[in-house]
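So the structure is just underneath, and the comments pick up after that.
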Amino acid sequence: MAKSGQHGGNVIQMAQEHGLKPEQVIDFSANINPLGMPHSVKQAIIEQLDCVEHYPDIDYLKLHQAIAAHHQMPVQQVIAGNGATELIFLWANHIKPKKALLVEPSFAEYRRALARVDCEIVQFNLRESEQFALTPKLLDALDTSLDALFLCTPNNPTGLMPDHNILLAIVARCHALDIALFIDESFIDFMGNTPSLVAQLADYPNLAILRSLTKFYAMPGLRLGYLLSSNEALLGQMRELREPWTINALAALAGEVLFSDTQFVKNTLHWLEQEQTFVWQELSQLSGITMYRPSANYLFFKHLEPNSQLQAQMMKHGILIRSCANYPTLNQQFYRIAIKSRAANIQLISALKEVLHHG
Ligand SMILES: Cc1ncc(COP(=O)(O)O)c(C=O)c1O
């Protein structure tokens, strides 16, 4: 089991530890769209609630067709999962890499999925001295001894999106070296028109792209994600061997309707454009922290106090921020915060100012 402190969103336990009720805490530790689940999805679920009285379609055909149509891809190149997380484990379990390269810091579940298949893990560390940017140095770290590479774009927790040309060079090099490349684009929907690597799928069967629908569509409790790859044989095997019905009927229904809600996408991007700028402008002025410019719906920063207790101090203001102390290569000075509604962001900013003695 994942340890409770390993991810954000751990409001109940954190509230308890600080003598608060969960409803007294504003959660900035999980990066979920504050607009909430689209009304169109809620409506569909309410109207079709009775669908839970039946088993879902074991092939989830309508769901896969909706995802395939959204990306204009053949349906055989799509596999949906119970959250993106299920697909990280499923993919690792099918590729069974003997040796994989992980870029750190990044999302913790890649390492756990690889550990399950006894994979040797080699670490490529992003450097604070290079502002945690992914540089072409990664290309030099790729060689034929590797079977797999995981990349998170934009990266979690740093919030940084690698340069597209570097990503294209990595895709080509992994192909040439026969390295299975897993690209996690779970937060890319928050980046509007930023180019994804989906366009490369047709030419590179070694490439798999992961998307989560739980963050952008604010449904982490419902669970839905998908993986795209032109390696139809691999996806066929994954379908064949996985447990049946891992996606519940309501999550499948949500996935069938959510791509039609283009207004929700516009509203989300509009909110984020405003709030990303607002929070960045306010926080980047503060002394005592180093902020990294965000590309998605969360910000990463360093508290310049070696014995930082910022998470506990912010909890005194009823604000839960994500400590990044448990990421390889990071320590208790690094934090991640979600971008939320204007009202919540104002509370965060004023609490942070007070804690950092600016208020
Ligand atoms: C980078 C990244 N990928 C995948 C996931 C898993 O998302 P899901 O809720 O769809 O399982 C997360 C969740 O935090 C994440 O941060």
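Points worth noting:
- Residue in region 49-69 that is touching a residue at least 24 places away in the same chain (Cβ under 8 Å), touching a Lys or Arg at 6+ places or on another chain (Cβ under 7 Å) and closer than 17 Å to S229 by Cβ present: no
- Subset of region 37-50 that is crowded, with 16+ Cβ neighbours inside 10 Å and in a helix (DSSP H, G or I) - its residue that is farthest from the ligand (Cβ to nearest atom): A44
Residue-wise test of (1) away from the ligand (no atom under 12 Å from the Cβ); (2) closer than 27 Å to R322 by Cα; (3) of a type in the set (D, E); (4) open to solvent by less than 10 Å² (accessible area, probe 1.4 Å).
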{"position": "L101", "(1), (2), (3), (4)": "yes, yes, no, yes"}
{"position": "L126", "(1), (2), (3), (4)": "yes, yes, no, no"}
{"position": "D140", "(1), (2), (3), (4)": "yes, no, yes, no"}
{"position": "D147", "(1), (2), (3), (4)": "yes, no, yes, no"}
{"position": "P157", "(1), (2), (3), (4)": "no, yes, no, yes"}
{"position": "L177", "(1), (2), (3), (4)": "yes, no, no, no"}
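- Residues (over 18 Å from the mean Cα position of the chain (by Cα) and in contact (Cβ under 8 Å) with a residue 40 or more places away in the chain) located in region 335-348: S341, R342, A344, N345, Q347, L348
- Taking the criterion of being under 19 Å from S295 (Cβ atoms) and within 9 Å of the ligand (Cβ to nearest atom), the only residue of region 215-228 that qualifies is K215.
- Residue in region 60-72 that is closer than 24 Å to P157 by Cβ, modelled with pLDDT of 95 or more and away from the ligand (no atom under 15 Å from the Cβ) present: no
- Residue check for E86: modelled with pLDDT of 95 or more, in the same structural domain as A141 (by TED's automatic domain parsing) and in contact with a helix residue (DSSP H, G or I) (Cβ under 7 Å, 6 or more places away or on another chain): no
- Qualifying residue in region 325-343 (condition: among the hydrophobic types (A, V, I, L, M, F, W, C), open to solvent by 50 Å² or more (accessible area, probe 1.4 Å) and assigned to a helix (DSSP H, G or I)): yes
- Residues that are within 27 Å of H94 (Cα to Cα), modelled with pLDDT under 95, of a type outside the set (V, I, T) and more than 16 Å from the ligand (Cβ to nearest atom) occur at least once in region 241-257.
- Scan of region 173-193 for residues that are over 19 Å from L114 (Cα atoms), of a type in the set (A, V, I, L, M, F, W, C), in contact (Cβ under 8 Å) with a residue 24 or more places away in the chain and not in a loop (DSSP other than H, G, I, E, B), ordered by number: I188, F190, M191
- Selection within region 1-23 - at pLDDT 90 or above and open to solvent by 100 Å² or more (accessible area, probe 1.4 Å): I12, Q16, E17, K21, E23
- Scanning region 191-219 for residues that are more than 19 Å from A100 (Cβ to Cβ), touching a strand residue (DSSP E or B) at 6+ places or on another chain (Cβ under 9 Å) and open to solvent by 10 Å² or more (accessible area, probe 1.4 Å) returns S196, V198, Q200, R211.
- Breaking point among (1) in a helix (DSSP H, G or I); (2) surrounded by 16 or more Cβ atoms within 10 Å (Cβ to Cβ), for P34: (1)
- The residue that is nearest to G36 (Cα to Cα), among those in region 272-292 that are touching a residue at least 60 places away in the same chain (Cβ under 8 Å) and outside any helix (DSSP H, G or I), is Y292.
- Pairs with Cβ under 6 Å, 6+ apart, first in region 211-222 and under 9 Å from M37 (Cα atoms), second of a type in the set (D, E) and near the ligand (Cβ under 8 Å from one of its atoms): none
- Of the residues examined, V41 is not one that is among the hydrophobic types (A, V, I, L, M, F, W, C) and at pLDDT below 95.
The values are calculated or read from the model by the stated rules, or taken from the named source; none is laboratory data. Please read all numbers here as calculations on a predicted model, not as lab measurements. Counting neighbours? That spans all protein chains shown, and the Cβs are built from the backbone with ideal geometry, glycine included. For accessibility, only protein heavy atoms count, side chains too; no ligands or nucleic acids. Shrake-Rupley method; radii C 1.70, N 1.55, O 1.52, S 1.80 Å.
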